[in-house]
Amino acid sequence: TLESGLEILSSLLKDAAHRKRKMLLADEVFRLYDTYGFPDELTRTIAKQEGVQIDESGFMRLLGDQRKRAKDASKLQDQIFATPEINQELLQLSETKFLGYRTLEAEARILWLNVSEGEGVLVLDQTPFYPEGGGQVGDRGVVENKDFLFQVFDTQRREGATLHYGRVSRGEPKVGSACRAKVDKDLREATKRNHTATHLLQAALRSVLGSHIRQVGSLVNSEKLRFDYTHGKALTKDEIKRLEDWVNRVALESVPVEARTETYESAIE
């Protein structure tokens, strides 16, 4: 993290010097902190040594926005599922049928909802929205009909039900209403590419480092992938190059990818 962060920071400082700027932009510092995990205190220290400041107010604003988004999402879930009655209601619903391997748009019906002050969650009888799982984030998109528009910003799964978290931007959704669920195609496709790349990376690691490699965590979204694995030491530059070459070579082969449902045992095999 520090090595990659230092490389990026060095590049930013060189660019600032070339442009005769005495300040790093807020989004540059925030990207280092948020995307690459580079400590903002270290950015300040190194920038100061180079005679460059950082946009403190802009950085703190972006940091505050990020914390608010995370807090709002967590607060919404806590509010909705704070009572055992709601969890009991979900248990009584039939399992949501997932259509997302075949289509990104589908007709559906609202089985259950909990919306307060324009924000909440919908449960449909069937959905193309992929709920968070396997390291992959939940889909985003819209659920709508002529009477309402519900913007989905996260999709989770609970007690067999797929939960569409979001906000109402028009009208009022009602239980029993027929609607159309539409996944944001660009975000899904980008996320799928990164998810496939995660599996390619694991295969590459096993090929380059050995069969002892095991996945112990991952994050897959539309912007990036993160892959956690077991190994006794850090990768060398040569190993990183071999991994990149392996993944790129296989990606360029354009091998067809298909979804299959199998038992857990056969999938692991």
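The values are calculated or read from the model by the stated rules, or taken from the named source; none is laboratory data. Everything quoted here is computed from the prediction, not taken from an experiment. FYI the Cβ positions are ideal-geometry reconstructions off the backbone, even for glycines, and counts take in every protein chain you see. These accessible areas exclude ligands, DNA and RNA; they are computed on the full protein's heavy atoms, side chains included. Shrake-Rupley method; radii C 1.70, N 1.55, O 1.52, S 1.80 Å.
Structure summary
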read-out	value
Förster radius 51 Å - calculated FRET efficiency between Glu269 and Lys68 (Cβ-Cβ, nearest 0.05)	0.70
Sparsely packed trypsin sites (Lys or Arg not before Pro) within segment 193-254, loop by DSSP, other Cβ within 10 Å at most 16	Arg214, Lys224, Lys233
Virtual spin-label span in nm between Gln49 and Lys20, 7 Å along Cα→Cβ	2.7 nm
Chain lengthening between Ser169 and Gln92 when straightened (0.36 nm per residue, less Cα-Cα)	24.9 nm
Extension gain, Glu239 back to Arg157 (0.36 nm per residue minus Cα-Cα distance, nm)	25.7 nm
Mean accessible surface per residue for the chain, computed with a 1.4 Å probe while every protein chain stays in place, in Å²	62 Å²
Farthest toward positive dipole pole in the chain [+1 Lys/Arg, -1 Asp/Glu at C-beta], among Gly138, Gly51, Trp246	Gly51
Of the trypsin sites (Lys or Arg not before Pro) in segment 10-70, those whose Cβ has at most 10 other Cβ within 10 Å and which sit in DSSP loop	Arg19, Lys20
Local electrostatic count, Ser11, Cβ distance below 14 Å [Lys/Arg +1, Asp/Glu -1]	-1
Protein accessible area in the chain, 1.4 Å probe - carbon and sulfur %	49 percent
For the chain, alpha-carbon Rg over 2.2 N^0.38 Å	1.22
Of Lys97/Lys185; Lys48/Lys224; Lys22/Lys237; Lys20/Lys48; Lys146/Lys174, those spanning more than 22 Å from alpha-carbon to alpha-carbon	Lys48/Lys224; Lys22/Lys237
Per-selection Rg to Rh, segment 178-260 - Cα, Kirkwood hydrodynamic radius	1.06
Test item: Cα-centred dipole of the chain, Lys/Arg +1 and Asp/Glu -1 on Cβ, debye	660 debye
Between segment 145-161 and segment 1-74, the alpha-carbon center distance in angstrom	35 Å
